[in-house]
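Have a look at the structure below before the remarks.
The values are calculated or read from the model by the stated rules, or taken from the named source; none is laboratory data. The model shown is predicted, which means the values in this text are computed figures rather than measured ones. Positions of Cβ are generated from backbone atoms using ideal geometry, with glycine treated the same way; all protein chains shown enter the neighbour counts.
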Amino acid sequence: MARDGYKFVLPLLVLTGLSVFFHQPVLTVILVILTAFTAYFFRNPDRRIPDGANLIVSPADGKVVKISKDETGEQTLCIFLNIFNVHVNRAPISSSVARFEYRRGKFKVAFDEEASRVNEQNIVSFAGPDLSIVVKQVAGLIARRVVCWKKPGDVVERGELFGLIRFGSRVDMVMPSSVNIRVKVGDKVRGGSTIIGDYK
């Protein structure tokens, strides 16, 4: 389980114990279900990180909902996470954290195209020796907290955990034109194990 989950699960376990002690069966059932779902939401499954040079892995579990390219050739790939997806985030490449920025914003539904621009988010820049990628952790209608455990200067390996988004959201990747994207809109991806693309 992701470490942020313990601050939610432990109080629920205490409340469940008190409910059992005071013989409140209906409340106990509700609390057991709530505790189980919370532990499930904050799960952190082991992932096999692909070997090979110049690979980019998905920073999140979810569904690819958009791939676009602007006039400069910069590419953006958007991954929507529903409430049942794993919500920990992973570094797409072996790199250092070059920049971190937190932006306050709105809480539009995460699949709304405007969410990437106006919603509350963390912007994390990963700078490798040959490539830099920006990952945006975007809050949604239900997700009200974006968490990054890394700071500028930290070194991360491809697939290493760097953060978490609580309760339904989206993750955007901004990549240069040199990246060959291997996935398409509609594909389901897994953080740390799905190869998003490669670069020369």
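In the stretch 87-105, which residue that is farther than 19 Å from SER169 by Cα and not in a strand (DSSP E or B) is farthest from the chain's Cα centre (by Cα)?
SER94
Go through (1) of a type in the set (D, E, K, R); (2) at pLDDT 90 or above; (3) assigned to a helix (DSSP H, G or I) for ASP4 and report which single condition fails.
(2)
Would it be correct to say that ASP70 is under 30 Å from MET173 (Cβ atoms) and in the same structural domain as CYS148 (by TED's automatic domain parsing)?
yes
Mind listing whichever residues of the stretch 21-48 are among the β-branched types (Val, Ile, Thr), touching a residue at least 24 places away in the same chain (Cβ under 8 Å) and loosely packed, with under 15 Cβ neighbours inside 10 Å?
Within the stretch 21-48, no residue meets the criteria.
With VAL118, VAL174, VAL138, VAL109 as the choices, which residue is in contact with a Lys or Arg (Cβ under 8 Å, 6 or more places away or on another chain), at pLDDT below 95, more than 22 Å from ASP4 (Cα to Cα) and of a type outside the set (Phe, Trp, Tyr)?
VAL118
When you go through VAL86, VAL14, VAL20 one by one, which is the residue that is among the aliphatic types (A, V, I, L, M) and in contact with an Asp or Glu (Cβ under 7 Å, 6 or more places away or on another chain)?
Matching residue, one of VAL86, VAL14, VAL20: VAL86.
Consider MET173 against the criteria (1) surrounded by fewer than 21 Cβ atoms within 10 Å (Cβ to Cβ); (2) under 17 Å from PHE80 (Cβ atoms): it satisfies all of them except one. Which criterion is unmet?
Failing condition for MET173: (1).
Might you check whether a residue that is without any contact (Cβ under 8 Å) to a residue 24 or more places away in the chain and among the acidic types (Asp, Glu) occurs anywhere in the stretch 73-93?
no
Does any residue of the stretch 8-20 turn out to be touching a Gly at 6+ places or on another chain (Cβ under 9 Å), loosely packed, with under 15 Cβ neighbours inside 10 Å, over 23 Å from PHE84 (Cβ atoms) and not aromatic (Phe, Trp, Tyr)?
Checking the stretch 8-20: not a single residue is touching a Gly at 6+ places or on another chain (Cβ under 9 Å), loosely packed, with under 15 Cβ neighbours inside 10 Å, over 23 Å from PHE84 (Cβ atoms) and not aromatic (Phe, Trp, Tyr).
Determine, yes or no, whether ASP51 is in contact with a Lys or Arg (Cβ under 8 Å, 6 or more places away or on another chain) and acidic (Asp, Glu).
no
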